[in-house]
1. If I stretch the segment between LYS40 and HIS123 completely, what's the gain in nm (0.36 nm per residue apart, minus their alpha carbon distance), one decimal?
2. Quick one: putting +1 on the C-beta of Lys and Arg, -1 on the C-beta of Asp and Glu, what dipole do you get for segment 31-129 around its Cα centre, in Debye to the nearest 20?
3. State in Å² the accessible area per residue of segment 47-116; use a 1.4 Å probe, count heavy atoms of protein chains only, and round to the nearest integer.
4. List the residues whose amide H sits under 5 Å from the amide H of THR99, counting only those 5 or more places along or on another chain, with H placed 1.01 Å from N in the peptide plane.
5. Give the carbon-plus-sulfur fraction of the accessible surface of segment 53-129 in %, rounded to a whole number; probe 1.4 Å, heavy atoms of protein chains only.
Amino acid sequence: MKMLAIMFAAALLVAGCGGGKGGATAGNPSNNTSVCAYTKRVGSRGRVYIEMAATPSSEEPTACSAFNGDFGGRRIPPVGRMGTGHVYCRYSKSGSSSTIKFGVFASSRTTGLAFCRSFHPGHGFRRDG
């Protein structure tokens, strides 16, 4: 399970540093992965950040728009440290030709844990770890 967390974080980091659609560096195995990120306020002083990776990159606009339709956050660049830098929960959805993964970051441990307890990402997503 720890290895899955490391692989997920590495995939998000590599895809995020690649600059989105097809912008990853040469030799990078995630050239076909695209990343989007959103943030929103929760509670009185908390903030939640979602970073989503879609493969193939052509899935990113649809997946991100559909996800944010329910989440209702503000789109932000998927680079840099989000909140505490700790992923509080992870979800994934795999189809025959696409994979969508996302992680939930937060401004504090309390906010992250509370959000993950009550969050339901939608049909087909399963919680990882």
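The values are calculated or read from the model by the stated rules, or taken from the named source; none is laboratory data. Quick caveat: nothing in here was measured; it's all calculated off a predicted structure. Don't worry about glycine lacking a Cβ; one is built from the backbone with ideal geometry, like all the others, and counts go over all protein chains shown. Only protein heavy atoms, including side chains, enter the accessible area calculation; ligands, DNA and RNA are left aside. Shrake-Rupley method; radii C 1.70, N 1.55, O 1.52, S 1.80 Å.
1. Values: separation 83, 0.36 × 83 = 29.88 nm, distance 2.17 nm.
Stretched out fully, the LYS40 to HIS123 stretch lengthens by 27.7 nm.
2. On the way: 14 positive and 5 negative charges, 98 e Å.
Roughly 480 debye for segment 31-129.
3. Values: 3290 Å² over 70 residues.
With all protein chains present, segment 47-116 gives 47 Å² per residue.
4. It is THR55, by chain and number.
5. Details: 2120 of 4270 Å².
Summing carbon and sulfur atoms, their accessible area is 50 percent of the total for segment 53-129.
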